[in-house]
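Participant: Please find one structure pasted underneath; my questions will follow.
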Amino acid sequence: MPELPEVETIVRGLQKTVVGKKIRNVKVIFPGIVKQDTKTFKKNVVKTEIIKLRRRGKYILIDLSNGKTILAHLGMTGNFLLVKSSSLLNTHDHLIVRFHANPKELRYNDQRRFGKIKSFPASKEENIPELKKLGPESLNISPSVFVNLFKKRKGRIKSALLNQRIIAGLGNIYADESLFEAKVHPAQKIDKLSPQELKRLLQAIRKILTKAINAGGSSIENYYNVNGEIGSFQLQHKVYGREGLPCKKCGTKIKRIKISQRSSYFCPKCQKQTRT
């Protein structure tokens, strides 16, 4: 599933390529992707100009000149690709945005069809269910707020990091990589972590996310940027997807366990679990 670095990479790519462009028409090939009446969606976006791209958690927000905003979530395999209008349609192209006087069009491609797109009045953003429930941004949260969010919680730290209501943007890949960087076991009980350890974890999250964004994200299965290029951060993964391989720091074999029904990768030597 595309996480914060992949979504941020797409947002930055779209910011450079489609801002200022006027939407001539929209073709919805698979209506299930659009989570509102398709006529309403088209009415809200056609004949408008794209004025800004933003990200909130794992959501893409496209602000339009008529005071409407497009919300998009990439699900597990979604991508926005800017391609020549003459290009043949891909089997998994489900929505096309065409622009005035432009040889390229924006296509939403999604193999598993778990993504979602809809529009809403920008003035109502604070009440949009998908956005209203999100916690603070992973890259912007202050150390003191981060500590306060976690210090009174129970359960495992990995599960909490994946909870978008607590902190927005992290997913399986970057939670595992951040926990390794901070030397915290993914199954560590939150109430056993000191404020200093929590601050160290936040520093690790910021470091890993920033490096991943600079590398264009991680391309493991279906992720591409808007130009169809893959990211390269998967080459820097220290634990994620490396079960049985030697730790890049100490040589111990990386292990995998299930936490909240999700695979979690870690080094048993570098990430010791405190039980008392």
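Participant: Hey, Phe150 hits all of (1) assigned by TED's automatic domain parsing to the domain that holds Tyr223; (2) touching a residue at least 60 places away in the same chain (Cβ under 8 Å); (3) among the hydrophobic types (A, V, I, L, M, F, W, C) but one; which does it fall short on?
Facilitator: Here Phe150 clears every test but (2).
Participant: In the list Met1, Met76, which residue meets the criterion of being crowded, with 18+ Cβ neighbours inside 10 Å, modelled with pLDDT under 95 and over 21 Å from Lys104 (Cβ atoms)?
Facilitator: On the way: Met76 fails: crowded, with 18+ Cβ neighbours inside 10 Å.
Within the list Met1, Met76, the selection yields Met1.
Participant: Okay, moving on. Do the conditions hold for Lys42, that is, is it among the basic types (Lys, Arg) and over 30 Å from Leu162 (Cα atoms)?
Facilitator: On the way: among the basic types (Lys, Arg): yes; over 30 Å from Leu162 (Cα atoms): yes.
Yes, satisfied.
Participant: A further question on this structure: Can you tell me which residue is surrounded by the most Cβ atoms within 10 Å (Cβ to Cβ) among those in region 242-267 that are in a loop (DSSP other than H, G, I, E, B) and either of a type in the set (S, T, N, Q) or in contact (Cβ under 8 Å) with a residue 40 or more places away in the chain (or both)?
Facilitator: Of the residues in region 242-267, the ones in a loop (DSSP other than H, G, I, E, B) are 242-245, 247-252, 254, 260-261, 267.
Retained after the next criterion (residues that are either of a type in the set (S, T, N, Q) or in contact (Cβ under 8 Å) with a residue 40 or more places away in the chain (or both)): 252, 260-261, 267.
Values: Thr252: 13, Ser260: 12, Gln261: 6, Cys267: 24.
Applying the filter and picking the extreme gives Cys267.
Participant: Here's a follow-up. Looking at region 155-178, is at least one residue hydroxyl-bearing (Ser, Thr, Tyr), part of a loop (DSSP other than H, G, I, E, B) and buried (at least 19 other Cβ atoms within 10 Å of the Cβ)?
Facilitator: no
Participant: Consider Ile117 carefully, then state whether it is in contact with a helix residue (DSSP H, G or I) (Cβ under 6 Å, 6 or more places away or on another chain), assigned to a loop (DSSP other than H, G, I, E, B) and either modelled with pLDDT of 95 or more or assigned by TED's automatic domain parsing to the domain that holds Leu71 (or both). Spell out the reasoning first.
Facilitator: Values: in contact with a helix residue (DSSP H, G or I) (Cβ under 6 Å, 6 or more places away or on another chain): yes; assigned to a loop (DSSP other than H, G, I, E, B): no; either modelled with pLDDT of 95 or more or assigned by TED's automatic domain parsing to the domain that holds Leu71 (or both): yes.
No; evaluated as a whole, the condition is false for this residue.
Participant: Looking at region 187-210, which of its residues are small (Gly, Ala, Ser) and either in a loop (DSSP other than H, G, I, E, B) or farther than 20 Å from Gly57 by Cβ (or both)?
Facilitator: We begin by selecting, within region 187-210, every residue small (Gly, Ala, Ser); these are 187, 194, 204.
Scanning region 187-210 gives Ala187, Ser194.
The values are calculated or read from the model by the stated rules, or taken from the named source; none is laboratory data. Predicted model only: the values in this text are computed from it and were never measured. Backbone-built Cβ (ideal geometry, glycine too); neighbour counts: all protein chains shown.
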